[in-house]
Amino acid sequence: MTESMQMPDASTIEAAQTPASAPAKRRAHWLTAGMWFVVLGVLAMLGWGLVNSTSPRPEVGEPAPDFNLEFFEGYEWNGRAAARLSDMRGSIIVLNFWASWCAECRYEAEVLENASRKYADDGVIFLGVAYADVEPNSLAYMREFNVSYPHAPDLGTDISQDYEITGVPETFIIGPDGKIVYFQLGPLNQATLEGTIDQLLEGG
């Protein structure tokens with residue numbers, strides 16, 4: 001007698017209908033999702049700075065951390081395309097951290113530029129450090145505001161880490177002795193900036 005044929009169960013039918021590439025597609029989906037999480041995490045960290053850093057920000061009265069600067073093309077200090085902060089010891093230095101994507105930086109851009117021109121004959125040095133920015137955008141920003149004082153990219157955010165910034169803009173005013181005399185979180189206004197510089201020029 002001929003044996004009756006056994007009907008396949010539901011799991012056999014489902015397995016037969018599932019494309020062989022389904023596991024690979026699932027793996028690709030999760031890999032893509034994971035990559036997006038990593039990218040968003042990096043952007044969040046760069047967008048607002050090192051908020052979880054355990055090192056304290058250098059305070060008023062403390063020496064300003066030294067660093068190297070490689071200025072953007074078309075900008076220089078004392079005829080040099082690169083310098084160290086310590087090379088400028090003996091001068092008042094206004095060190096400003098900014099970014100082209102920073103809306104608040106635009107509030108102070110004209111204030112900084114005007115002050116840099118006003119105090120040029122007094123030997124006051126203005127330095128801009130572009131944080132977590134891309135060069136074409138940085139250059140476009142400087143052209144927009146007719147920035148004349150030297151600016152440099154913060155390669156690898158090394159300078160920002162030394163100064164433990166938590167966002168942009170932030171400004172450190174450094175005295176001739178190389179110590180920080182004023183710190184501004186957020187955009188500077190003209191009265192504060194010029195008042196601080198005037199006091200230092202008067203020996204205060």
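The values are calculated or read from the model by the stated rules, or taken from the named source; none is laboratory data. Everything quoted here is computed from the prediction, not taken from an experiment. Because the Cβ atoms are built from the backbone with ideal geometry, glycine has one as well, and the counts that use them run over all protein chains shown.
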Output the residues belonging to the stretch 160-181 that are under 19 Å from Ala109 (Cβ atoms) and either of a type in the set (Ser, Thr, Tyr) or at pLDDT 95 or above (or both). Ser160, Ile165, Val168, Pro169, Glu170, Thr171, Phe172, Ile173
From the set of residues in the stretch 96-110 that are without any contact (Cβ under 8 Å) to a residue 60 or more places away in the chain and farther than 25 Å from Leu201 by Cα, which is surrounded by the fewest Cβ atoms within 10 Å (Cβ to Cβ)? Ala103
Taking into account only those residues within the stretch 64-95 that are in contact (Cβ under 8 Å) with a residue 24 or more places away in the chain and touching a Leu at 6+ places or on another chain (Cβ under 6 Å), which is nearest to Glu202 (Cα to Cα)? Ile92
Residue under question is Val147, and the condition is that it be in the same structural domain as Arg84 (by TED's automatic domain parsing) and under 19 Å from Glu70 (Cβ atoms); does it hold? yes
